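Worksheet: one structure, shown below.
The values are calculated or read from the model by the stated rules, or taken from the named source; none is laboratory data. In this text the structure is predicted, and so the values were computed from the model without any measurement. All Cβ positions, even for glycine, are placed from backbone atoms using ideal geometry, and neighbour counts span all protein chains on display. Heavy atoms of the whole protein, side chains included, go into the accessibility calculation; ligands, DNA and RNA do not. Shrake-Rupley method; radii C 1.70, N 1.55, O 1.52, S 1.80 Å.
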Amino acid sequence: MTQARLSSTQVPGPILDVLRRLQEAGHRAYVIGGATRELLSGARPAPQDWDVGTSATPEEVLRLYPKGVATGARFGTITVPTEAGPCEVTTFRVESEYKDARHPDRVTFVRELEEDLRRRDFTVNAMAWDPLADRLVDPTGGIPDLEAGVLRAVGDPLTRFREDGLRPIRAARFAATLGFALEEKTERALPDARTEVGRVAAERVQEELMKMLRAPEPSRGFEVLRRAGLLGVWLPEIEKTIAVPQNRYHAYDVYFHTLYTCDAAPAEKPVVRLAALFHDVGKPETRQEREDGEATFYNHQFVGERMAREAMERLRFSRDLTDRVAHLVRQHMFDYRPQWTDAAVRRFIRSVGVEAIADLFDLRIADNVGNGLKTGFPHYLEELRGRVDATLEAEEALSIRDLEVDGSDVMAALDLPPGPRVGKILDQLLEEVLENPSLNRRERLLERIRQGFSIDTQGSRDLG
Ligand code: ATP
Ligand code: MG
């Protein structure tokens with residue numbers, strides 16, 4: 001049976017030490033929550049986060065682990081640093097009626113542990129295991145659900161969802177990460193928790209979304225939200241893509257195309273997964289039908305960039321991540337042709353940025369898979385990749401930084417004060433150097449500045 005698969009050798013030594021020290025001091029201590037679920041499902045790799053549930057109070061834990069730190073959001077958690085990473089030790093959460101009359105006997109311990117487990121969200125998350133005694137506690141039927149691949153709320157689903165509006169989002173997240181189906185009553189309760197879902201702190205939603213995006217198929221999670229009518233609560237721009245028809249380049253509407261692009265993007269690259277999620281959000285707003293009935297989406301990448309920023313700000317993503325994702329959305333429509341000149345390749349690298357090119361290619365590959373036409377790998381990308389690599393190896397100037405002159409040279413040559421004009425001249429010089437790398441010699445550039453810019457900032461394009 002399942003329990004036979006559990007062995008204390010699956011738990012890192014330092015985590016076993018924490019359990020042992022707590023138990024030797026007379027407390028109960030179990031591996032609890034997600035780690036137990038992962039161990040029981042035989043998931044590879046082994047759990048990274050270790051949660052320990054204990055009957056010891058936070059003060060008692062701190063006495064045993066003076067280096068432990070009481071950590072924020074979850075009341076009663078002491079984070080104990082170990083060589084296997086931080087171990088979160090949390091006192092069993094029990095109603096005050098038990099707490100007030102605390103008898104440290106076995107019966108109380110079992111009641112406390114079970115009560116703690118019953119406050120958890122889903123049955124598969126509501127199991128505890130003591131690897132030292134090899135004792136598994138599963139009061140809500142997590143094991144059969146785990147074996148059947150079913151995500152079932154602990155207790156009455158709607159009550160639990162209304163207690164904490166994050167739980168419906170977690171349901172979607174676990175549906176994606178575990179690949180589980182929602183138990184029927186659990187799924188049916190989701191729509192009625194809409195108000196509560198909207199009240200959750202954005203940071204918590206963001207965290208679940210990021211976990212969902214690391215799933216093999218995030219689409220499973222988005223589909224849970226869509227079917228429950230909850231997608232628009234936090235991601236109205238994704239909801240608006242539903243049933244928006246496309247054109248002959250696509251087998252799916254914008255919504256399913258988005259989902260499949262997301263699935264096809266590399267799971268270990270959250271930036272690309274996010275960009276995939278948002279890459280076509282500008283389509284509903286820019287859609288136009290031509291006379292022949294084909295749809296066009298001119299400039300949807302620019303509208304999409306703005307909308308992606310709005311969405312990510314709503315979810316309180318960092319500025320840096322938002323910029324990187326918005327940039328990929330903006331750039332995703334590049335249209336490589338073998339006829340591109342080397343200068344065109346250099347301009348492409350300049351506008352995308354060296355650091356974003358691999359991500360942009362990953363996004364394009366996923367976008368291609370997501371169109372559903374099964375046209376195979378876009379081979380022109382290999383050609384472009386080769387030309388980009390060759391350009392980078394040639395170490396030609398690709399940015400202002402690479403020019404053999406700088407702003408002070410421009411100011412000295414033209415007797416100019418600092419100001420935007422200096423930057424404009426440098427931009428123009430770079431444009432010309434991208435076109436003709438041999439211009440990037442200090443003397444030639446200085447001459448170009450004196451000749452071309454003393455009167456007219458725009459300069460002339462023909463340098464002979
Ligand atoms: P992961 O492996 O992705 O971290 P996890 O199951 O450990 O998954 P966490 O978000 O780390 O998920 O939460 C740890 C445990 O705490 C869960 O397994 C669950 O038992 C409980 N839990 C977390 N959030 C909630 C919640 N909102 N409501 C009820 N129980 C929760
Ligand atoms: Mg966890």
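Cβ-Cβ distances below 6 Å connect the following pairs, each with a first residue in the stretch 390-417 that is within 16 Å of Glu447 (Cβ to Cβ) and modelled with pLDDT under 95, a second residue that is open to solvent by 60 Å² or more (accessible area, probe 1.4 Å) and of a type in the set (D, E, K, R), and a separation of six or more residues or different chains: Ala413/Arg450.
What number of residues within the stretch 33-71 satisfy the criterion of being within 16 Å of ligand 2 (Cβ to nearest atom) and of a type in the set (Gly, Ala, Ser)? Within the stretch 33-71, residues that are within 16 Å of ligand 2 (Cβ to nearest atom) and of a type in the set (Gly, Ala, Ser) number 7. Here Pro47 meets the list (1) within 22 Å of Ala148 (Cβ to Cβ); (2) part of a helix (DSSP H, G or I); (3) without any contact (Cβ under 8 Å) to a residue 24 or more places away in the chain; (4) of a type outside the set (A, V, I, L, M, F, W, C) almost entirely, failing just condition (2). With the condition kept exactly as written, say whether any residue in the stretch 221-242 is open to solvent by 60 Å² or more (accessible area, probe 1.4 Å) and at pLDDT below 95. No, the stretch 221-242 has no match at all. Look at the stretch 28-44: where a residue is farther than 16 Å from Arg135 by Cα and a partner is part of a strand (DSSP E or B) and within 11 Å of ligand 1 (Cβ to nearest atom), sitting 6+ places away or on another chain with Cβ atoms under 9 Å, you get Gly34/Asp51.
Return a yes/no flag: does the stretch 262-269 have any residue that is within 24 Å of Gly165 (Cβ to Cβ) and modelled with pLDDT of 95 or more. Looking through the stretch 262-269, at least one residue is within 24 Å of Gly165 (Cβ to Cβ) and modelled with pLDDT of 95 or more. For the stretch 343-362, the criterion of a residue being in the same structural domain as Val271 (by TED's automatic domain parsing), within 21 Å of Leu274 (Cα to Cα), aromatic (Phe, Trp, Tyr) and in a loop (DSSP other than H, G, I, E, B) is satisfied by no position.
Of the residues making up the stretch 25-78, just one is open to solvent by 50 Å² or more (accessible area, probe 1.4 Å), within 16 Å of ligand 1 (Cβ to nearest atom) and among the acidic types (Asp, Glu), namely Asp49. All of (1) over 18 Å from Leu363 (Cβ atoms); (2) surrounded by 16 or more Cβ atoms within 10 Å (Cβ to Cβ) hold for Glu291 with one exception: (2).
Scanning the stretch 11-24 for residues that are crowded, with 18+ Cβ neighbours inside 10 Å, assigned to a helix (DSSP H, G or I) and within 33 Å of the chain's Cα centre (by Cα) yields Ile15, Val18, Leu19.
Just checking, does the stretch 217-224 include any residue being more than 30 Å from Asp292 (Cα to Cα) and either touching a strand residue (DSSP E or B) at 6+ places or on another chain (Cβ under 7 Å) or assigned by TED's automatic domain parsing to the domain that holds Glu289 (or both)? Yes: one or more hits. Condition check for Gly155 on (1) closer than 30 Å to Arg309 by Cα; (2) in a loop (DSSP other than H, G, I, E, B): one failure, at (1).
Taking the stretch 437-464 as the region of interest, how many residues are closer than 19 Å to Ser408 by Cα and at pLDDT below 50? So the count comes out to 3. When the stretch 167-191 is filtered for residues that are within 16 Å of ligand 2 (Cβ to nearest atom) and open to solvent by 10 Å² or more (accessible area, probe 1.4 Å), the ones remaining, listed by number, are Arg167, Ile169, Arg170, Arg173, Thr177, Leu178.
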